[in-house]
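Here's the structure, in structure tokens; my notes come after.
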Amino acid sequence: MGLVGLGSLGIRLGREFHSHPDAELVALADVNEENLVAAGRELDVPTEAQYARYRTMLTQESLDAVGIATPNGLHFDQATTALDHDLHVLCEKPLATTIEDARDLLERVEESNRVTMLGYQRHLNPAFIAGRERWALGDLEPTFITGEITHDWRDYYEEMTDWRMDPELSGGGHLLNVGTHIIDAILWTTGLTPTHVTATVEFHDDEQLFDKQSSIIVEFEGGAVANIADTGIVPRTREHIHIWDDDGAVYFEGREWDERTSYTIDAEGVEHDPRHSDGKSKADAFIESIVDDTEPPSTARDAFWATVVTLAAYESGRRNERLALTDLYPFLADMPR
């Protein structure tokens, strides 16, 4: 394994690979020398295998796979470069910061025989897996969906110095960086096909790139509706996704970045607390997919559709219009969900 990007996400991913019995973390890359040296020391990667340039690492090291935990705007180029080197890829979300790049990367992935997994960790959570078995893989049809995530980015907006406030690196504000988890989780667990998006977005900048908070309505084939709220200007992280069907509901809940849990409500309104086993780590799931030659839990296609809805919400907010996804992105008419 090689790893690029040694911020908080990258270090966590590096620790997973470092401790995994079927993986050897042999090379690191980061433009920040301090991060590089500290990670090399912690993860037992020697100085000669620490690189300031990602492409140099791919060229000089003998790798099977690479983990990408860099800012959003680098994902497309770094993932496609890894595929050019015939490597398996574990890339943090989002897939890309433009719909064109997301579509191109999806095509590249699906033409490849390498495993490409995206870092949407709710796909590894037993509560969400059970939800997917109930709806996307089961017989029940969701009828009403609500989702909310809150988070504290207030310092980022006030100081505008973090990479998340750099349009080349971030590609968007809180919705693209954090709210996309909610959009992805709803799409993945339900298996529904989105048709229209209507969003009210509070932007921080005159160019309407960095959103602070938003309210989004997503309409689906079959008539289901999702109401999604996202904000980065409150002091605590909380997450709620509630999905109803004819047999009741599942309520997914989260505090800070702890493991998400759930409880169910039956058709008579009685609450039940299901017990779930522990979920897999990203490294576990990724390596298992490589060894077993199976589809990863979070695919490029999953991430593509999350990107479609996320970017459509931005555009709806800018236009103040209800948008049909096939009008906004005509190629979707010929693209299976």
Which part of the range 65-88 falls in the paramagnetic zone of E48, meaning amide N under 18 Å from the point 7 Å along Cα-to-beta-carbon? none
On each of the three principal axes of the Cα atoms of the chain, give max minus min coordinate, whole Å, ordered largest first. 62, 47, 42
Under 5 Å, built H, 5+ apart or other chain: amide partners of H196: E219, L325
Heavy atoms only, probe 1.4 Å: what % of the accessible area of the range 1-117 goes to carbon and sulfur, would you let me know? 43 percent
From a point 7 Å beyond the Cα of W163 in the direction of its Cβ, which residues of the range 60-81 have a backbone N at a distance under 19 Å? 66-81
Would you kindly derive the ³J(HN,Hα) couplings of the range 285-290 from the backbone phi angles with the Karplus curve 6.51 cos²θ - 1.76 cosθ + 1.60 (θ = phi - 60°), listing them in order in whole Hz, with x for Gly and Pro? 5, 5, 5, 4, 5, 5
Divide the volume of the convex hull of the Cα atoms of the range 198-337 by its number of residues and quote the answer in cubic angstrom per residue. 177 Å³
What percent of all Cα-Cα pairs in the range 16-91 falls in each 5 Å bin, counting up from 0? 3, 15, 27, 28, 20, 6, 0
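Can you compute the FRET efficiency between I265 and E24 using 1/(1 + (r/R0)^6), with r the Cβ-Cβ distance and R0 = 56 Å? Round to the nearest 0.05.
Working: r = 46 Å, r/R0 = 0.83.
The value I calculate is 0.75.
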What does the range 95-173 give for Rg and for Dmax, in Å, if only its C-alpha atoms count? 17.5, 49
From the phi angles alone, apply the Karplus equation (6.51, -1.76, 1.60; θ = phi - 60°) to the range 263-270 and give each ³J(HN,Hα) in whole Hz, x where the residue is Gly or Pro. 9, 10, 10, 7, 5, 8, x, 7
Run down the aspartates and glutamates and flag those whose C-alpha is under 13 Å from the C-alpha of K93, throwing out any fewer than 8 positions away in its chain. D184, D302
Once Lys and Arg get +1 and Asp and Glu get -1 on their Cβ, which of H242, S277, T307 lies farthest toward the positive end of the dipole of the range 203-337? T307
Taking all pairs of different Cα atoms in the range 103-146, averaging 1/r and flipping that mean, what Kirkwood radius in angstroms comes out? 12.9 Å
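What share of Cα pairs, in percent, lie more than 21 angstrom apart in the range 27-186? Walk me through the numbers on the way to the answer.
Details: 7358 of 12720 pairs.
So the portion of pairs separated by more than 21 Å is 58 percent.
Rg/Rh for the range 278-337: what does it come to with C-alpha atoms and Rh from Kirkwood? Mind showing how you got there, number by number?
Values: Rg = 16.3 Å, Rh = 13.9 Å.
On the Cα set of the range 278-337, Rg over Rh gives 1.17.
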Once neighbouring chains are kept in place and the probe is 1.4 Å, which whole percent of the accessible area of the range 192-337 is contributed by carbon and sulfur? 45 percent
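Could you work out the relative contact order of the chain, using alpha carbon pairs under 8 angstrom and six or more residues apart, expressed as a whole percent?
About 18 percent, as a whole number.
The values are calculated or read from the model by the stated rules, or taken from the named source; none is laboratory data. Because the structure is a prediction, the values reported are computed rather than measured. Glycine also receives a Cβ, built like all others from the backbone with ideal geometry; neighbour counts cover every protein chain displayed. Just so you know, the surface numbers come from the protein's heavy atoms only, side chains and all, with ligands and any DNA or RNA stripped out. Shrake-Rupley method; radii C 1.70, N 1.55, O 1.52, S 1.80 Å.
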